[in-house]
Amino acid sequence: MRGMKVSHCGITQLNTEVVVNAANEKLLPGGGVCGAIFEAAGIRELKEACDKIGHCNTGEAVITPAFNMNAKYIIHAVGPKWKGGKNGEIELLYSAYYSALELAVKNGCKSIGFPLISSGIYGCPYDHAWETAIAACRDFQDENPDKEINIVFAIPDDEIMEFGEVMLETMGLLIW
C-alpha cells in the first residue's frame, strides 16, 4: 500500500524507516527540525557522519545512519532559501523532495517522514511549500508504481497541518 498522510507531531516522533532532515548545505547541526534531529540521533555521531560527507547542494539529498533514533536512516535534503519565488526556489524544493524519495527507495525503505522543507527559517510560504511537497511526492509515486513507499509529513503546528490535510484530501491523495 502506498499513500500520504499528515501526522500531528515533530519529525523525531515518527515511526518511519527514514526521516528527512531539513538540512543546510554544510550538513551542520542547526535549529528547528535540523537541531531536533541532531539531538535525537546523537549530535556527536551524526556530526561525524555528516562531516565525512562534507556538503550537499541545494535541491539534493544525502543519507546517513539514524544512530539513536527509531528510524534506520536520516536523509538530509537541502531546500532553498525563499527569495520571492522567482529564483528557482520551487524547482529546487521539488528536487530536494524527489531526491530524498529516490534515496529512500534505493536503500530499501518503505516509509519516509518529511518535515515541510524550507518553510521554517528558510521562509517558503506554507502554500508553496505544501504544493511543492505534494507534487514531488505524487510524481515520484506515479513515476515509480512498482516502488512501495508510504509518506508521512510530520507537522507540529495545527493550522499548517490542517492546511496540508485539506490539500491532500482535495487532490485525492490522503489514502491511508
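Read the figures in this text as sums done on the coordinates, not as results from a lab. Everything quoted here is computed from the prediction, not taken from an experiment. Glycine gets a Cβ as well: all are built from the backbone with ideal geometry, and neighbour counts include every protein chain shown.
Only the Cβ atoms of Lys and Arg (+1) and of Asp and Glu (-1) were treated as charged; on that basis the dipole of the chain about its Cα centre amounts to roughly 540 debye.
Ranked from largest, the principal axis spans of the Cα set of the chain equal 43, 37, 30 Å. Note on segment 3-170: Lys pairs 8 or more places apart or on different chains, Cα atoms under 17 Å apart, count 9.
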